[in-house]
1. Provide a single number: the residues in the stretch 93-116 that are among the small types (G, A, S) and in a loop (DSSP other than H, G, I, E, B).
2. Residue by residue through the stretch 107-138, note down the ones that are among the charged types (D, E, K, R) and surrounded by 19 or more Cβ atoms within 10 Å (Cβ to Cβ).
3. What number of residues within the stretch 117-172 are touching a Gly at 6+ places or on another chain (Cβ under 6 Å) and not in a loop (DSSP other than H, G, I, E, B)?
4. Is it fair to say R188 is within 19 Å of the chain's Cα centre (by Cα), assigned to a loop (DSSP other than H, G, I, E, B) and in contact (Cβ under 8 Å) with a residue 12 or more places away in the chain?
5. If you go through the stretch 162-173 one residue at a time, do you hit one that is under 16 Å from the mean Cα position of the chain (by Cα), assigned by TED's automatic domain parsing to the domain that holds H60 and over 29 Å from E69 (Cα atoms)?
6. Name every residue in the stretch 173-185 that is outside any strand (DSSP E or B), surrounded by 12 or more Cβ atoms within 10 Å (Cβ to Cβ) and not polar (S, T, N, Q), in order of residue number.
7. So M166 passes all but one of these: (1) surrounded by 14 or more Cβ atoms within 10 Å (Cβ to Cβ); (2) out of contact with any strand residue (DSSP E or B) (no Cβ under 6 Å at 6 or more places or on another chain). Which condition number does it fail?
8. Given the structure, is R34 within 18 Å of A135 (Cα to Cα) and at pLDDT below 80?
Amino acid sequence: MPMKLLKNLPLLITLFSLFTLPAISHAQQATESRWEEEKDRIHEIIDDGQTSVLVSGYAHHGRGTYTAERLKELNERAWGLGYAKTLRNEKDNEEIVYAFGIEDSHYKPQLMAGYAYQWVAPLGGNWEAAGGFTAMMVSRQDYFHGTPFPVVLPLVSVGTRSTKLMASYVPRLSKNKGNGDVLLLFMRFDIK
């Protein structure tokens, strides 16, 4: 039986290729097409989006996830500045492309660049609330020697269309008491 299978191996490979290569080719084309769509969308946000300034100033470290001694060492005044382009899409939700630098919990630079999507809900008058996510590349000196790494985090905001208080939450990644969760608060101001 194994000899017969080996004799027919070229035929089996040919048949397998005939049936699977078109599917693989289609999947590759779909992936390339999706990539092109996403690149075009990012360019649209950059070209047509509202210019905004991001200003940070506070990072709340979870009191239940850090020791009192560790909290005394950490920087909660996470001052920073960023640049963003914000576009309201056809569903009136926000898409944001940004670059942002802050002083991290260890008084070192933290650089971020990414994309955010927020589903927007009107609250009344000019006020609105939004929730979504951000996908970004982050560079920190205490992770990977400053080499940028990808992160996806939740994002919420409240304010008007042109001025928002925003927050992102970094969950606790370790059970060690010295490594806990962080809530970063920052403002977004549109520039007219």
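1. 1
2. E128
3. From the stretch 117-172, those touching a Gly at 6+ places or on another chain (Cβ under 6 Å) are 117-119, 134-136, 139, 155-156, 165, 172; that's our starting set.
Filter once more, so that each one left must be not in a loop (DSSP other than H, G, I, E, B): 117-119, 134-136, 139, 155-156, 165.
The number of residues fulfilling the criteria is 10.
4. Working: within 19 Å of the chain's Cα centre (by Cα): yes; assigned to a loop (DSSP other than H, G, I, E, B): no; in contact (Cβ under 8 Å) with a residue 12 or more places away in the chain: yes.
It is false that R188 is within 19 Å of the chain's Cα centre (by Cα), assigned to a loop (DSSP other than H, G, I, E, B) and in contact (Cβ under 8 Å) with a residue 12 or more places away in the chain.
5. So in the stretch 162-173, the residues under 16 Å from the mean Cα position of the chain (by Cα) come out as 166-171.
Those left that are additionally assigned by TED's automatic domain parsing to the domain that holds H60: 166-171.
Subset that is over 29 Å from E69 (Cα atoms): none.
Scanning the stretch 162-173 turns up no residue that is under 16 Å from the mean Cα position of the chain (by Cα), assigned by TED's automatic domain parsing to the domain that holds H60 and over 29 Å from E69 (Cα atoms).
6. K177, G178, G180, D181
7. (2) is the only condition that M166 fails.
8. Taking the combined requirement at face value, the residue satisfies it.
The values are calculated or read from the model by the stated rules, or taken from the named source; none is laboratory data. For clarity, every value in this text was computed on a predicted model and none was experimentally measured. Every residue, glycine among them, receives a Cβ derived from its backbone with ideal geometry; neighbour counts consider all protein chains shown.
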